[in-house]
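Okay, structure first, notes after.
The values are calculated or read from the model by the stated rules, or taken from the named source; none is laboratory data. Keep in mind it's a predicted model, so treat the numbers as computed, not measured. Positions of Cβ are generated from backbone atoms using ideal geometry, with glycine treated the same way; all protein chains shown enter the neighbour counts.
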Amino acid sequence: TAPARDRLRIAIQKNGRLAEPARSLLTACGLSWRQSRDKLFCYGESLPVDLLLVRDDDIPGLIADGVCDFGIVGRNELDEQGAARRRIGLPDAYQALRGLNFGQCRLMLAVPEEWEWTGVEQLAGKRIATSYPAILADWLAERGVDAQVVELSGSVEIAPRLGTADLICDLVSSGATLAANQLKPVETLLESEAVLAGPVRTPDDARAGLMAMLLRRLDGVVKVQD
Ligand code: ATP
Ligand code: ZN
């Protein structure tokens, strides 16, 4: 177990789609930070709540390892790493505590425009490129579909044109990227948004009270927004 701490640590994305909205949300909750020069770690001023600025992929692991108490991350990333952990027999280490009303997108299957989509049975024997191999593998298994998952870390949408996959499973918001690559969305695997993620077990030191207080403030702020 991680050592007792009396300051809270929240991990947010350093750069990217969730970076600015996550910081604004926490500011609206009354948090402020002393700007550190390397900007990887921001020391909390108004409350003993520090910020860690990281890649979004690192956030679930930081919570699992007890390095951070909360994180703001896409449900897609949290679910993928949770599914990957489960596949290798690790226990659940984090959970989505609140939906935050930003970062909305869908994890979808998309096929070449000329395909006539009739249903998942069409996927048998096909190669599907994705950055979400564990979610996709679970989804296929639940439907009894035997397809090949091709894991790619980026530029998934060009895989069909390159011939490295027949179709893709990727995040979609406007659909413009799909259209630009002559792909069309056909199935939704996950409706995603940014979430506040936290540990499965609340620590039993000074952080518990801070965590409860932050959740209360968050509920007030997120409710006002919609
Ligand atoms: P990092 O450098 O932190 O690893 P990244 O490239 O993985 O960044 P972003 O592209 O900034 O991540 O996306 C962060 C999150 O924003 C996604 O995981 C997802 O939850 C959300 N999101 C919302 N709309 C989209 C979209 N159209 N495409 C990709 N992600 C989206
Ligand atoms: Zn990332």
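Evaluate region 14-28: report whether one residue or more is of a type in the set (S, T, N, Q), within 12 Å of ligand 1 (Cβ to nearest atom) and not in a loop (DSSP other than H, G, I, E, B). The answer is no; no qualifying residue exists. When region 130-176 is limited to residues that are free of Cβ contacts under 8 Å to residues at least 12 places away in the same chain and not in a loop (DSSP other than H, G, I, E, B), the one that is farthest from G103 (Cα to Cα) turns out to be L162.
Pairing residues of region 98-118 that are touching a residue at least 60 places away in the same chain (Cβ under 8 Å) with residues that are of a type in the set (K, R) and in a loop (DSSP other than H, G, I, E, B), at Cβ distances under 8 Å and at least 6 apart in sequence or on separate chains, gives G103/R17.
Considering D69, D79, the condition of being under 25 Å from P203 (Cβ atoms), buried (at least 17 other Cβ atoms within 10 Å of the Cβ) and more than 16 Å from ligand 1 (Cβ to nearest atom) is satisfied by D69 alone. Residue check: is D58 charged (D, E, K, R), crowded, with 17+ Cβ neighbours inside 10 Å, modelled with pLDDT of 95 or more and more than 20 Å from L214 (Cβ to Cβ)? So D58 passes the test. In region 17-53, the residue that is farthest from ligand 2 (Cβ to nearest atom) out of those that are in contact (Cβ under 8 Å) with a residue 40 or more places away in the chain, of a type in the set (A, V, I, L, M) and surrounded by fewer than 21 Cβ atoms within 10 Å (Cβ to Cβ) is L47. Among the residues here, Q95 does not qualify as of a type in the set (S, T, N, Q), in contact (Cβ under 8 Å) with a residue 12 or more places away in the chain and either buried (at least 20 other Cβ atoms within 10 Å of the Cβ) or closer than 30 Å to Q182 by Cα (or both).
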